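The values are calculated or read from the model by the stated rules, or taken from the named source; none is laboratory data. Nothing here was measured: the structure is a model prediction, and the numbers come from that model. All Cβ positions, glycine included, derive from the backbone under ideal geometry; neighbour counts span all protein chains shown. When the accessible area is computed, the model is the full protein with side chains, heavy atoms only, and any ligands, DNA or RNA have been set aside. Shrake-Rupley method; radii C 1.70, N 1.55, O 1.52, S 1.80 Å.
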Amino acid sequence: VQLVESGGGLVQAGASLRLSCAGTRGSFVSHTMAWFRQASGEEREFVARTEWPGGVTTYADSVKGRFTISRDNEEDTLYLQMNSLQLEDTAIYYCAASSNWRPTAISEYGDWGQGTQVTVFN
């Protein structure tokens, strides 16, 4: 499975961004798809996930109410709509795929994209 993120950038606090993650054809079938992020000097952390085929989503408390994860299974594309961005959201954002049902550990995600940088400034 190949995953390619896009949509990152440099934005002012309070602004919005939408990240996309394009997968190889058919790669989303029966997979939980998720977004993680890693700030400089920090460990990679969970942001949000959406289970196959969609509709069931889970969010980290830090982004709940501000971020929305969605997926287009026909286009094998994952999205992360990020609103009301804060300085603390600055990180490299990665999409990931897991063949497990409701994966809870980062080790359960076997496929990763290369990441896209999101930088929020005042």
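Key figures
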item	result
Amide H contacts of Val47 (H built 1.01 Å from N, under 5 Å, at least 5 apart or other chain)	Trp35, Phe36, Arg37
Segment Glu74-Arg18, extension gain: residue separation times 0.36 nm, minus the distance between their alpha carbons	18.3 nm
Backbone HN-Hα couplings from phi across region 99-115 [Karplus 6.51/-1.76/1.60, Hz, Gly and Pro as x]	8, 7, 7, 6, x, 10, 10, 4, 5, 7, 9, x, 10, 9, x, 8, x
Region 1-58 - percent relative contact order, Cα under 8 Å, separation 6 or more	25
Apportionment of accessible area to carbon and sulfur, the chain, percent (1.4 Å)	46
Cβ-derived FRET efficiency at R0 35 Å, Ser27 paired with Asn122, nearest 0.05	0.40
Loop-located trypsin sites (Lys or Arg not before Pro) in region 12-91 whose Cβ has at most 11 other Cβ within 10 Å (DSSP)	Arg25, Lys64
Derived scalar couplings ³J(HN,Hα) [region 3-8; Karplus, 6.51 cos²θ - 1.76 cosθ + 1.60; whole Hz; x for Gly, Pro]	10, 10, 8, 7, x, x
Residue range of the chain that is longest and free of GluC sites (Glu not before Pro) which are both DSSP loop and sparsely packed (at most 16 other C-beta within 10 Å)	76-122
The chain, relative contact order [Cα under 8 Å, separation at least 6], %	36
Accessible solvent surface per residue of the chain, calculated while the other protein chains remain in place, 1.4 angstrom probe, Å²	51
Rg over Rh [alpha-carbon atoms, Kirkwood Rh] for the chain	0.94
